[in-house]
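Here is the structure we will look at.
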Amino acid sequence: MGRAALIAEDFETAIKEFTEALKVNQPLLKGQAFYYRAKAYSKTRLPDAFSSYSRGIELIQPHINDSAESRELWADLQIGLSWLFVQENENLAEAQKSLLAAQAVLQADDFTRQCDLENVWARFCSKQKDSEGELKHRFRAWTAAHETDDKEL
């Protein structure tokens, strides 16, 4: 229900549904709820978005080597948090930490996440007035997106 509300841009319903989902005792499902709740909060209440991403990262950290799904979720949480650091409060040092953490666990053939990561790196470089770095990361993002055959990406 929360994901449907998020797609429909009914952020308050999405937040309510993901908050309810946090009652589960399964770390991966709870981490997913934190991730999607953070996405909804990023449209309504930024401090709560930062908190949800951070809490999801803390929750999944001990389980990062349990499965590929855990590593992917942890990377998604780190990438989401880094976007907020770059876009919303320009805390580039924290953004870089999150980007490096995500980069360390991503598989080379996880093109969708690689695209997301490279786009944040490009924005990071843009904020640092590093046009060469920005271009390099934009090209990497484009290359990764091309590998997915996802025209929207």
Problem set entry | Principal-axis tilt of helix 131-148 within the chain, Cα atoms, nearest 10 degrees | 60 degrees
Exercise. So what's the net charge close to residue 86: Lys and Arg +1, Asp and Glu -1, counting the other residues with Cβ under 9 Å from its Cβ?
Worked result: 0
Problem set entry | Debye intensity ratio I(q)/I(0), log10, the range 1-148, q values 0.09, 0.11, 0.15, 0.19 Å⁻¹ (C-alpha model) | -0.27, -0.41, -0.77, -1.16
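Treating the beta-carbon of each Lys and Arg as +1 and of each Asp and Glu as -1, no other charges, what is the dipole magnitude of the range 76-130 about its Cα centre, to the nearest 20 debye?
180 debye
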Exercise. Quick one: Karplus J couplings for the range 56-69, per residue in order, coefficients 6.51, -1.76, 1.60, θ = phi - 60°, nearest Hz, x for Gly and Pro?
Worked result: x, 4, 4, 5, 7, 3, x, 10, 4, 9, 6, 6, 4, 4
Exercise. How big is the charge dipole of the chain about its Cα centre, in debye rounded to the nearest 20, if each Lys and Arg gets +1 on its Cβ and each Asp and Glu gets -1 on its Cβ?
Worked result: 360 debye
For this session: Treating the angle as unsigned and between 0 and 90°, give the value, to the nearest 10°, between the Cα long axis of helix 92-105 and the longest Cα principal axis of the chain.
Result: 80 degrees
Seminar exercise, completed: Counting as exposed only GluC sites (Glu not before Pro) in DSSP loop states with no more than 14 other Cβ atoms inside 10 Å, the longest exposed-site-free span of the chain is 10-87
Problem set entry | With at most 10 neighbouring Cβ atoms within 10 Å, loop trypsin sites (Lys or Arg not before Pro) (DSSP) excluded, longest segment of the chain | 24-128
Seminar exercise, completed: With Cα coordinates, the longest principal axis of the chain makes an angle with the long axis of helix 27-41, in degrees rounded to 10, of 70 degrees
For this session: Take the solvent-accessible surface of the protein heavy atoms, probe 1.4 Å, and return the percent of it on the range 36-153 that carbon and sulfur atoms account for.
Result: 46 percent
Seminar exercise, completed: Rg (one decimal) and Dmax (whole number) from the Cα set of the range 105-153, in Å, equal 10.7, 31
Problem set entry | Solvent exposure of the chain as accessible area per residue, Å², 1.4 Å probe | 57 Å²
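The values are calculated or read from the model by the stated rules, or taken from the named source; none is laboratory data. For clarity, every value in this text was computed on a predicted model and none was experimentally measured. Note that each Cβ is placed from the backbone with ideal geometry, even for glycine, and that neighbours are counted across all protein chains shown. Accessible surface is based on the protein model in full, side chains and every heavy atom, while ligands, DNA and RNA are left aside. Shrake-Rupley method; radii C 1.70, N 1.55, O 1.52, S 1.80 Å.
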